[in-house]
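Undergrad: First the structure, which I've put down as structure tokens, then a few questions once you've had a look.
Coordinate-derived values only; no laboratory data. Predicted model only: the values in this text are computed from it and were never measured. Don't worry about glycine lacking a Cβ; one is built from the backbone with ideal geometry, like all the others, and counts go over all protein chains shown.
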Amino acid sequence: MIAATPRLQRAPKAIFLTSSRRYPLPLPSAQARCYAAPKSSTPPKPRPYEPEKPLVSARPKTSQDATRLANLPKQEEAKQSVKAPYIRIAVGVVFIGSIIYSMFTSPLQLTEAPSIADRDSISKRESGVTEKSPMRLRMEALIKEKQSEIVAALQELDPANKFRTDTWSRPAGGGGTSCVQQDGNVFEKAGVNTSIVYGTLPRPAIEKMRVNHKAIDPDVDSLEFFAAGLSLVLHPQNPNAPTVHLNYRYFETMDNDGKCNAWWFGGGTDLTPTYLYDEDAIHFHKSIKDACDKHDRGYYPRFKQWCDKYFYIPHRQESRGIGGIFFDDLDGQEKDQEQLFSFVKDCLSSFLPGYLPIVTRRKDMPFGEREKQWQQLRRGRYVEFNLVNDRGTSFGLNTPSARVESILMSLPLTARWMYMHEAEKGSREERILGVLKQPVEWV
């Protein structure tokens with residue numbers, strides 16, 4: 001007789017917690033229990049406690065639960081991806097808001113303060129140059145005006161050969177204009193230059209300048225400065241026409257705010273003939289003396305002597321030419337600033353009346369190879385003085401960012417040096433050498 005097989009009953013369900021959901025799993029059935037291993041007589045060893053792990057592979061109750069379970073990581077990821085742009089926007093709003101707030105509550109320093117040169121440029125552009133402007137701006141305006149006037153007058157002497165005009169600027173501030181004519185019918189080389197310089201003086205230069213200007217602070221390591229000048233040199237083609245030189249300048253030192261703490265004027269003009277014509281020398285000196293006498297009758301004899309001493313070539317034991325006037329370092333100890341500025345203006349105005357009549361009557365005179373050779377020898381002396389003895393050339397070449405072409409504009413286009421050259425006795429060449437060895441009082 002076959003024993004009745006026990007009826008399989010539905011197994012009770014056990015509940016396991018996975019995350020926050022309950023997933024029902026069936027308990028082992030009775031039939032499954034029939035195949036369990038027989039109980040051992042020896043009791044099993046106790047197993048160490050291990051925390052239960054959620055059964056991730058447990059089956060969901062329904063298909064909807066399965067879909068929710070599958071989509072759960074994606075939903076969490078989507079939530080995070082939605083949150084990220086809002087976080088970035090919030091941070092950006094706070095950052096931009098802080099910048100806007102700082103702009104209204106405190107000045108935002110993005111660039112350096114404007115330099116003295118920049119401030120002067122703004123002042124000229126907005127208000128122009130008036131009698132109330134700083135002297136440096138008034139001197140700059142004066143030399144530019146006189147440059148245009150002189151170039152126009154010289155151009156009339158030789159209309160076919162135009163002046164070349166170069167305008168340049170300096171990185172530290174300032175600049176200038178060079179007007180040069182070469183190989184013309186009247187002038188072999190003619191240059192009329194303006195120069196405006198802003199810069200910083202190092203301590204050695206300050207100590208050297210303080211010898212003549214006690215107003216300069218001796219305790220500073222550097223000092224802002226401004227220099228403006230008009231310089232011209234005219235070398236005619238004809239040996240009978242004299243070379244002429246002119247330079248008038250203004251110099252001042254300033255604090256960082258542009259306030260002047262020391263200033264002075266300098267300059268002069270002189271004539272260097274190849275052959276001497278007394279009437280030319282007298283006319284030139286008289287025009288200068290008339291300008292000086294308007295301001296001080298002691299100026300001409302004093303500055304004429306200064307010129308003879310300055311334009312002296314020690315290694316040749318002779319002067320460069322027949323002189324004119326020269327002065328330097330004229331500051332408040334001499335006269336007030338307005339008086340000295342007026343004096344410089346009158347000296348500049350006297351140049352064309354003093355020189356143009358001379359070159360006009362000499363430029364077409366006949367000459368030969370002998371006269372041209374002597375002219376080249378005298379120009380060699382001119383070069384020697386400018387490169388060896390002239391303080392202006394030395395200062396210019398040692399100024400940072402110097403424009404060498406403008407500084408050496410004063411040199412002639414051609415020159416000559418001959419070994420042991422001697423002038424013939426009783427010649428015109430010997431006569432001019434005698435005057436160069438011993439200066440003459442022309443007026």
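Undergrad: What whole number of Å gives the distance from the Cα centroid of the stretch 215-284 to the Cα centroid of the stretch 336-387?
TA: First find each Cα centre; the distance between them is then 14 Å.
Undergrad: Once you treat every alpha carbon in the stretch 248-303 as an equal point and sum by Debye, what is log10 I(q)/I(0) at q = 0.12, 0.14, 0.20, 0.24 Å⁻¹?
TA: The Cα Debye sum returns log10 ratios of -0.47, -0.57, -0.84, -0.99.
Undergrad: Pop a pseudo-label 7 angstrom from the Cα along the beta-carbon direction at both ARG391 and ASP346 and give the gap in nm to one decimal.
TA: 2.4
Undergrad: I want to make sure I understand the PRE zone here: with the label point 7 angstrom from the Cα of ALA141 toward its beta carbon, which residues in the stretch 326-366 have backbone N atoms less than 19 Å away?
TA: Label zone hits: 337-349.
Undergrad: Pop a pseudo-label 7 angstrom from the Cα along the beta-carbon direction at both ARG361 and TRP168 and give the gap in nm to one decimal.
TA: It is 3.8 nm.
Undergrad: Moving on. Which length gain, in nm to one decimal place, applies between ASN185 and GLN438 when the Cα-Cα distance is subtracted from 0.36 nm times their residue separation? All intermediate terms of the calculation are to be shown ahead of the outcome.
TA: Values: separation 253, 0.36 × 253 = 91.08 nm, distance 3.33 nm.
87.8 nm is the gain from fully extending ASN185 to GLN438.
Undergrad: For the stretch 176-321, just say rounded, prolate or oblate: build the C-alpha gyration tensor, square-root its eigenvalues into a ≥ b ≥ c, call rounded for a/c under 1.5, and beyond that prolate if a/b exceeds b/c, oblate if not.
TA: Working: a/c = 2.26, a/b = 1.70, b/c = 1.33.
Cα axes put the stretch 176-321 in the prolate bin.
Undergrad: Sorted from largest to smallest, which semi-axis lengths in Å does the alpha carbon gyration tensor of the stretch 130-437 give for its equivalent ellipsoid, taking the root of 5 times each eigenvalue?
TA: So the three semi-axes of the stretch 130-437 are 33, 21, 20 Å.
Undergrad: Ok, one more. Arranged by the count of other C-beta atoms within 10 angstrom, fewest first, what order do SER231, SER148 take? The partial results should precede the final answer.
TA: On the way: SER231 25, SER148 14.
Starting with the residue having the fewest Cβ neighbours, the order is SER148, SER231.
Undergrad: Estimate the FRET efficiency between GLU338 and ARG416 by the formula 1/(1 + (r/R0)^6), using the beta-carbon distance for r and 45 Å for R0, to the nearest 0.05.
TA: Working: r = 47 Å, r/R0 = 1.04.
That pair, GLU338 with ARG416, gives E of 0.45.
Undergrad: Count charges around GLY229 for me, please; just the other residues with Cβ under 15 Å from its Cβ, Lys/Arg as +1, Asp/Glu as -1. List each step's numbers first, then the result.
TA: Working: positive: ARG136, ARG138, LYS144, LYS146, ARG170, ARG249, LYS345, ARG391, ARG403; negative: GLU140, GLU145, GLU252, ASP328, ASP329, ASP390.
After counting each charged neighbour, the total is +3.
Undergrad: OK, next. Would you mind putting 294-301, 164-171, 271-278 in packing order, based on average other-beta-carbon counts within 10 Å, highest first?
TA: Details: 294-301: 14.9, 164-171: 12.4, 271-278: 20.0.
In descending order of packing, they fall as 271-278, 294-301, 164-171.
Undergrad: Right, here's the next one. By what distance, in whole Å, do the Cα atoms of the stretch 155-252 stretch along each of the three principal axes, largest value first?
TA: That gives 55, 29, 17 Å along the principal axes, largest extent first.
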